[in-house]
Amino acid sequence: MLRLDLTRLEREGSIQIEARIPPDDPLWSDMEVTFAGPVQVRVRASRAGSGEIVVRGTMEAPLHQECRRCLEPVPGALSEEVTLVFLPVTEPGMEDDGETRLFEEGAGELDLGEALREEVILAIDPYVVCRPECKGLCPRCGANLNVETCGCTTEELDPRWNALRALKEE
Ligand SMILES: [Zn+2]
Ligand SMILES: [Zn+2]
């Protein structure tokens, strides 16, 4: 699905790839965010004169995120332009270092999955808030302070207070 047929690329010069990757695809496992729907990938792969493969296009998906302060759902979307460049391995010892992506000329195909996953991780801010003035949850009782006030005092959480107490106990 996200594999680029190198033989066909050689023959046609460029290939349009469109894919809808389900939100529960193993490709997205162990990420900080979850998708609320399929990830729409639209890219065009082409072979540059110097030998590298350039993959350019867009990735779009609805996101399911939570406010980091109050844990309420925050609607959002991934909408990212991607440009991936893969260099052919021309000598042994060349390494994929995250900056430079490589492909084997004789491999027959190039799997774009891992590179796209990396782009998603870079594009999404996992620490969203529902609104800038969100008051979050009470650290003691867990009440959502946007909708209620709790009876907890914050005295004990004041670090100066702890420092004072530590002095007394010495
Ligand atoms: Zn919030
Ligand atoms: Zn409280």
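Under the shape rule built on the C-alpha gyration tensor, where the axes satisfy a ≥ b ≥ c, region 60-103 is prolate, since a/c reaches at least 1.5 and a/b is greater than b/c.
For GLU109, the residues 5 or more places off, or on other chains, whose built amide H falls under 5 Å of its own are LEU6. By the helix-only formula, in which each DSSP H run with n ≥ 4 contributes -39500 (n - 2.57) and the sum is divided by residues, the chain has a 222 nm mean residue ellipticity of -5000 deg cm²/dmol. Does anything in region 48-80 have its amide N under 19 Å from the 7 Å Cα→Cβ label point of CYS138, and if so which residues? Answer for region 48-80: 69-72.
Sorted ascending by nearby beta carbons within 10 Å, beginning with the fewest, CYS138, CYS130 become CYS138, CYS130. Taking amide H positions as modeled 1.01 Å from N, with prolines and chain starts lacking one, the residues under 5 Å from LEU63 and 5 or more places away or on another chain are ALA36, GLY76, ALA77, LEU78. Comparing GLY51, GLY76, GLY136 in a Gaussian network model of the chain, where Cα atoms under 10 Å apart are tied by springs, the biggest mean-square fluctuation is seen for GLY51.
Remark: the GLN40-THR7 segment gains 9.4 nm on full extension, using 0.36 nm per residue and subtracting the alpha carbon distance. Each 10 Å bin, from zero up to the one with the longest distance, holds this percent of the alpha carbon pairs of the chain: 9, 27, 22, 16, 11, 9, 5, 1, 0.
No value in this document is a laboratory result; all are computed from the given coordinates. Note that the structure is a prediction, hence the values are computed from the model and not measured. Using ideal geometry, Cβ is built from the backbone for each residue, glycine included, and neighbour counts are taken over all protein chains shown.
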